[in-house]
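Asker: Have a look at this one before I ask anything.
The values are calculated or read from the model by the stated rules, or taken from the named source; none is laboratory data. This structure is a prediction, so every number in the text was calculated from the model and none was measured. Positions of Cβ are generated from backbone atoms using ideal geometry, with glycine treated the same way; all protein chains shown enter the neighbour counts. Surface accessibility is based on the protein's heavy atoms, side chains included, excluding ligands, DNA and RNA. Shrake-Rupley method; radii C 1.70, N 1.55, O 1.52, S 1.80 Å.
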Amino acid sequence: MDSIVPIPPNQSNPHQTLSLTLKHLRLSHMLNHWQSIEAKAIQENWSYAQFLLALCQLEADRRAQVRIQRALGEAQLPPGKSFTTFEFDHCPTLNSAALMQLVQHTTWLEQAENLILLGPSGVGKTHLAAAVAQQAIHLGKRVKFFSAMALVQQLQYAKLQLQLPATLAKLDRFDLLILDDLGYVKKDEAETSVLFELIAHRYERRSLLITANHPFSQWDAIFSDSMMTVAAVDRLVHHALIIEIQAESFRKHSAVERAKPKP
């Protein structure tokens, strides 16, 4: 780590010394804006503390935005999916109050609780999963979005390379791991084995968000035997909010609307 060498103060030109110091400290946002804030402070007769607070808040806000953008890039969420763009009116049976109450805080993530979204294809499960992820990121958490099949294939490869424990440990850096479309995982011993190991590894350690087309009663179609199904479901639902969505497919509804003759 580079040591920071103090810059000797230049009493005859403190403005220049301040700029050099901010540059030396890599406080680029403060460097670019301190003079305009100083002018405002003089005009409005701020105290020294108010001036310093405004500078620090400016830098803190910039760093928060940089962190959020970095975390969003890392999460690899599907684009354009947020709570503001979700049509809640289309899903009248959705327990939106419970969902919104959950995501307003990070307590569920800190307690390694899960969120499970169940419903037929096209009702907005992926959309809601991405919206939950965005909210978690804005609250300071790290998230990673996977299609369930893609992640299972990665874990299978890691197991073949004798790297599965290390790969699972690397995924622990994410407070929330999203497995989208779990129902598309093949009922294959190799695939469901690593899927179960992931679920067991994160149990009471880190949170999972899972979307699936099938209700739990049909998860025998995913796992290779009923004992594994029971064990996987038991770990997932022990600390979980389960949201069931029953509605017409958004995609089907949009197609019907497009097909209607225009007046």
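Asker: So, with a 1.4 angstrom probe, what is the percent of accessible area on the chain that is carbon and sulfur?
Answerer: Taking all protein chains in place, the chain shows 55 percent carbon and sulfur surface.
Asker: With semi-axes √(5λ) of the Cα gyration tensor in Å as the read-out, I listed (i) 37, 18, 16; (ii) 47, 26, 16; (iii) 31, 29, 15; which label goes with the value calculated from this structure?
Answerer: Checked against the structure: label (ii).
Asker: Please compute the per residue accessible area over the chain with all protein chains in place, 1.4 Å probe, rounded to a whole number of Å².
Answerer: Per residue, the chain has 58 Å² of solvent-accessible surface.
Asker: Oh, and also: Cα axis of helix 48-75 to longest principal axis of the chain: angle in degrees, 0 to 90, nearest 10?
Answerer: Computed tilt is about 30 degrees.
Asker: Of the candidates Ala75, Ala39, Ala98, which one comes out as most mobile in a Gaussian network treatment of the chain with C-alpha springs shorter than 10 Å?
Answerer: Ala39
Asker: Compute the long axis of helix 148-160 from its Cα atoms, compare it with the longest principal axis of the Cα atoms of the chain, and write down the angle in degrees, 0 to 90, nearest 10.
Answerer: 90
Asker: Take the residue pairs Lys141/Lys170; Lys125/Lys186; Lys81/Lys125 and return only those whose Cα atoms are more than 18 Å apart.
Answerer: Too far apart for the 18 Å limit: Lys125/Lys186.
Asker: Based on alpha-carbon atoms only, what is the radius of gyration of segment 166-253 relative to the globular estimate 2.2 N^0.38 Å?
Answerer: Taking N as the residue count of segment 166-253, the ratio is 1.14.
Asker: Apply the Karplus curve 6.51 cos²θ - 1.76 cosθ + 1.60, θ = phi - 60°, to the phi angles in segment 91-108 and return the couplings in whole Hz, x for Gly and Pro.
Answerer: Along segment 91-108, the couplings run 10, x, 8, 5, 7, 5, 4, 5, 5, 5, 5, 4, 7, 5, 10, 9, 4, 5 Hz.
Asker: While we're looking at this one, here's another question. List the longest stretch of the chain that has no exposed loop site; here a site is one of the trypsin sites (Lys or Arg not before Pro) assigned by DSSP to anything other than H, G, I, E or B, with at most 13 other Cβ within 10 Å.
Answerer: 27-172
Asker: Where does each of Thr21, Thr107, Thr229, Thr84 land when they are ordered by accessible area, with a 1.4 Å probe and the largest first?
Answerer: Highest to lowest solvent-accessible surface, that is Thr84, Thr107, Thr21, Thr229.
Asker: Sequence-distant or interchain residues sharing an amide H contact under 5 Å with Ser207, placed H: which?
Answerer: Leu177
Asker: Ignoring GluC sites (Glu not before Pro) that are buried or in helix or strand per DSSP, and keeping those with at most 13 other beta carbon atoms within 10 Å, what is the longest stretch of the chain between them?
Answerer: Segment 88-203 is the longest.
Asker: Let me ask another. Taking segment 71-170 as the region of interest, what is the percent of Cα-Cα pairs per 5 angstrom bin, listed from the shortest bin to the one with the maximum distance?
Answerer: 2, 10, 19, 21, 19, 15, 8, 4, 2, 0
Asker: Convert each backbone phi in segment 194-202 into a coupling constant with the Karplus relation 6.51 cos²θ - 1.76 cosθ + 1.60 (shift: θ = phi - 60°), then list the ³J(HN,Hα) values in order as whole Hz, x for Gly and Pro.
Answerer: Couplings: 6, 4, 5, 4, 5, 4, 5, 5, 7 Hz.
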